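Contents: one structure, followed by commentary.
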Amino acid sequence: MASSSKPTAVHFTLAFFVTATLILGIICYLNAKELAKAQADAKAQGDKAQQSQSALTKLLEEVQGLTQVIGYNSDDLGDPNISADQLPDGTVRKSLYSALVQYGKDHVQPSPASPKVSDTLLALRTALDAANNQIDGLQGNVKTAEGRLNQEMASHRNERQQLQTSQAGSEKQLQDKVVQQNEVLRSKDDEIAKVSGQYRQTLVEKEQVLDELDRVRQAKDEEISLLEKQITELRRRLDELEQVSFEVPDGKIVRVNTSTGTVWINLGSEDGLREQVSFSVYIQKHDGMARGKEDVKAKIEVAKIRGPHLSEARIISEDFNRPIQEDDPIYTPLWTPGVREFFAFVGNIDINGDGVSDRALLHDIMANANAEIELEVNDQGERMPADGKLSANTKFLVMGEMPDPSSVPAFDTERRAQIEKISQERTALQAEALRMGVRIVRLADFLTWAGVGAQERLFIPGQDRKFTLKSGSRSGATNEELGSSRLSPGQVSEVFNRDGTGQKKSTGQASGLYKN
């Protein structure tokens, strides 16, 4: 049996209970002390928070009163850490900043980046005081001006009174003058009415005379037109009968080289001759230069100026039945030694007979011979120059073929109008030539006398141009197509040798028929 002096479970439990009670009492004491301190601190913080709330309430009231004074009632003052110019619109600081910049920019110098209310108000007050001072000065000036104005008005009233008195006298004098003038005007009106009646009677008589003159003029114009037609026809018949020509040869042939087809003429540098000038060669027993084509037997063109009175020319064309000989006279209407010739042209200028205008070629030929086109009617029917007239210097009026209106489609009204203008200009120039005594010649005769022949032509497929050879013709000897070469081998029949004998030259060999 165990001894009773040993500790038992009850002892341990009691000891634990006592210890736990002591610890719990200590903890409770400490917690009570900390609670009392916390309550004291909480009361102090509450008092402090109440004081802060009162201060904040007072500050908010002051801010609200300040914003009311400023005039911007907004709950958003704006973040103080952000520059006022960067704040969003609607905040108090941004609105105040905008107002200070707007109203103080012209008064605060220099304008600050962050304007202040005090500086702006001071500057505005200073500007206001200056404006008030200026207003006071202007008001003084206004008072002075008003005094002077009153003086001037008093002076003007006196003058107006004097003018009214003078006007009354003048009006009476004017009325007297009006009465006198009315009497004079009535007298003048009577005279004018009388003169007007005489004038109207004169106009009636004048119109009658003009009508009679118009009838006489129309009759005379018809008579003159008929006489001009008769004169033109009589002159044409006279030219055909007499073929009078006052043209003289320009030079003569001095040497002929039939082998090279060249001749030499007695004209050169001292005569003012140029290269490429063409001449017609006449028979020696001709009937006159520039009369008919029957006396022209060849055409030559100057190739080289050899001396003062000597030039070499190539034969362009020649009548083989009438070969060129020495002393044959030569002539061209384009060139005269020491004289510049003037010509006029109207109608189609078709030199080579291909149906296309060769007006540019004609200009080159004229310029090369130092001749001048004094007047021409171009292919559009316009006179060039517009005010050009035939003169005493005009040598020939050259008449080209007239365009055929029937060959122009009916819808081509522009070309038909041009042909009509060409016809009118042709008629007008014929009348001018008749009055001026200018000789009228045909283009073909003119080209013959000038030694100008048809130029070489190049066939271009697709062009509607007239050519000597017919399209699609065949060679009768070889049945070859036209597109094949049709060039001559360069050998000419002996019948057409330039010696003009017409006899075939012997080769010196006998036919085999006569051999032994």
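Maximal additional length on extending the H363-F411 stretch stands at 14.1 nm, based on 0.36 nm per residue less the C-alpha distance. Simple spin-label estimate for K33 and I283 gives 17.2 nm between the two label positions (7 Å along the Cα-to-Cβ direction from each Cα). Magnitude of the charge dipole for region 333-458, about its Cα centre and with charges confined to Cβ atoms of Lys, Arg (+1) and Asp, Glu (-1), is about 420 debye.
Measuring between their Cα centroids, region 407-422 and region 345-399 lie 21 Å from each other. Sites listed here are GluC sites (Glu not before Pro) in region 317-379 whose DSSP assignment is loop and whose Cβ has at most 13 other Cβ atoms within 10 Å: E326.
Among the listed pairs K304/K395; K220/K421; K293/K421; K229/K421, those whose Cα-Cα separation exceeds 22 Å are K304/K395; K220/K421; K293/K421. Starting from 0 in steps of 5 Å, tell me what percent of the Cα-Cα pairs of region 333-458 lands in each bin. Pair shares across the bins are 2, 11, 20, 24, 20, 13, 7, 3, 1, 0, 0. Here the calculated FRET efficiency for A55 and L121, from their Cβ-Cβ distance with R0 = 25 Å, stands at 0.30, rounded to the nearest 0.05.
A Förster radius of 56 Å, combined with the Cβ-Cβ distance separating V178 from R217, puts the computed FRET efficiency at roughly 0.55. Starting from the Cα gyration tensor of region 305-364, take the square roots of the eigenvalues, sort them a ≥ b ≥ c, and report rounded, prolate or oblate (rounded when a/c is under 1.5, otherwise prolate if a/b is larger than b/c, else oblate). The shape class here is oblate.
A Förster radius of 41 Å combined with the Cβ-Cβ distance from L24 to D47 puts the calculated FRET efficiency at roughly 0.75.
Read-outs throughout are calculated quantities, based only on the coordinates presented, and are distinct from any laboratory measurement. The model shown is predicted, which means the values in this text are computed figures rather than measured ones. Glycine also receives a Cβ, built like all others from the backbone with ideal geometry; neighbour counts cover every protein chain displayed.
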